[in-house]
Amino acid sequence: MSVFFLYSAAAQSSNSSFITASQVTSVPVELTIGDRVPEDIPIKKIINYPVPSTCLGEFKDKLVILDFMATNCKSCIEVLPRFDSLQKQFGNKLQIVLVTYEMEAQVRSFLEKNKMAKQLNLSWLVQDSLLKQYFPHEFISHEVWIDRGIVKAITSTQYVKSANIQAVLDG
């Protein structure tokens, strides 16, 4: 039986919103559970998304799950069909973003050659170095859950499931 823990600050209102990176500092500061996320963190190269670049604040009305991963990580790839199903299930209430340090050409090649990946419609942030500074990690997959501008959880992929997503959405 899995237990899913979320941080809840008593003083935090349900109307909390993102802050800007410039309000924090010009150098990325490690964020952890309960921290407010700068809304102007740029997402410069995003694949399978309506626009090629955006900022994290674009997703402020959604639960965002950042999945730090790589195309050569077998366990990272094995969860993609489940993530795709969850993205479809929750629609515009959820935005799963696969985050990788890999070059765009490498990811596009993977998407073209991998039979399973061809059928999925997940957004990929490629060539990332900035989000890794905000959410440093040693191992992948590494999941960061952001709801209404607040880091709600940092987990492994095993916790990215329908019941836990619904629990966060329900507040």
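Points to keep in mind about this one:
- With a threshold of 23 Å on the Cα-Cα distance, the over-threshold entries among 74/118; 74/152; 62/113; 60/152; 60/115 are 74/152; 62/113; 60/115.
- Projected label distance in nm at residue 156 and residue 89, using a 7 Å step from Cα toward the beta-carbon: 2.0 nm
- Å² of accessible area per residue within segment 47-135, as computed with a 1.4 Å probe and no ligands counted: 49 Å²
- With the convex hull drawn over the C-alpha atoms of segment 42-168, the volume per residue is 98 Å³.
- Accessible area of segment 32-150 belonging to carbon and sulfur atoms, whole % at 1.4 Å probe: 49 percent
- Label-point separation in nm, residue 47 to residue 103, each point 7 Å along Cα→Cβ: 1.3 nm
- With a cut-off of 18 Å on the backbone N, the residues of segment 72-93 near the modelled label site 7 Å out from residue 112 along Cα-Cβ are 72.
- Additional length obtainable on full extension of the chain from residue 75 to residue 119, 0.36 nm per residue less Cα span: 14.0 nm
- Packing rank of 102-112, 54-64, where each peptide gets the mean count of other beta carbons within 10 Å, highest leading: 54-64, 102-112
- For segment 30-100, the gyration tensor built on C-alpha atoms gives a rounded shape. Its axis ratio a/c (a ≥ b ≥ c) stays under 1.5.
The values are calculated or read from the model by the stated rules, or taken from the named source; none is laboratory data. A quick note: this is a predicted structure, and the numbers were derived from the prediction, not measured. Virtual Cβ from ideal backbone geometry, glycine too; neighbours counted across all protein chains shown. Note: areas computed on protein heavy atoms with side chains; ligands, DNA, RNA excluded. Shrake-Rupley method; radii C 1.70, N 1.55, O 1.52, S 1.80 Å.
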